[in-house]
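Here the structure is laid out as structure tokens; the discussion comes afterwards.
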Amino acid sequence: MRNVAEVNERTGCVPESVSEIQGVCHRGRDASRAFVTGDYSEGGLVDDVSALSLSEMLTLQSWLSFYEKNYEVMGRVTGRFYGEDGLPTPELTQAEAMITKGLEANKQELKEKQKFPPCNAEWSSTRGSRFWCSQRSGGVSRDWIGVPRKLFKPGAKEPHCVCVRTTGPPSDQTPDKPTHRNRGDLEHPSLEEYTGCPRLAARCSVPP
């Protein structure tokens, strides 16, 4: 991909080996996938990133940003992502689309985290689990504390603890429904109370 295919010090491309035609590099190797997998064996030094997850593609994007900032581009490696004419291939377009999708997913995840910040948590084999909320729990600064609740996400095997706002309108309230019950997000359908914990307590203990 571009982060490896365009950086001379990683591909082995030097000025003498760069074609005069559109700056296409005819030496070196694009080993993009290894920057994510850490597999620098002969079999791992490949440019096929089609099986990488969105989060792994964002890791690759971070390498791209690093090299663009710290290295001078000397040319491009012909192969999966650039043709002999130096132009991007459909595979590059697909990889860049995955990065864009990953960035969008990150943005949505951050929005979700602002709505339902993770609880503080600790576990002991003798005392079980303890969850509590604060104005900075989950690394999210806010003007409310909230109460611990189980949040169930589609595809997730287990719920995780989040802090839920208890007053005001629901976070997803639409303008066409201005009235609310002043219960914050407590009535969100993906939430569940912890058995045995006070409904509006900021701390919750679950025995082993």
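The values are calculated or read from the model by the stated rules, or taken from the named source; none is laboratory data. These figures come from a predicted structure and were not determined experimentally. Neighbour counts run over all protein chains shown; Cβ positions are idealised from the backbone, glycine included. Ligands, DNA and RNA are excluded from the accessible area calculation, which covers all protein heavy atoms including side chains. Shrake-Rupley method; radii C 1.70, N 1.55, O 1.52, S 1.80 Å.
Data for the structure
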quantity	calculated
Listed residues 95, 34, 156, most fluctuating in the chain (Gaussian network, C-alpha, under 10 Å)	156
Leading residue at positive end of dipole, region 99-208 (Cβ point charges), from 169, 134, 117	134
P(r), alpha carbons of region 21-126 - 10 Å bins starting at zero, rounded %	13, 34, 29, 13, 8, 3, 0
Length released on extending from residue 192 to residue 126, taking residue separation times 0.36 nm less the Cα-Cα span	21.3 nm
Highest-fluctuation residue, 125, 32, 41 considered, GNM on the chain with Cα pairs under 10 Å	125
Region 86-208: C-alpha gyration tensor shape, a/c 1.5 cut-off, then a/b vs b/c	oblate
Inter-label distance, nm, simple model (7 Å from Cα along the C-beta direction), residue 71/residue 135	4.6
For the chain, alpha-carbon Rg and Dmax in angstrom	24.5, 73
Whole-number D in µm² s⁻¹ for region 127-169, Kirkwood Cα-pair radius fed into Stokes-Einstein, 37 °C, 0.692 mPa s	282
Area of residue 84 that stays accessible when all protein chains are in place (1.4 Å probe, Å², to 10)	130
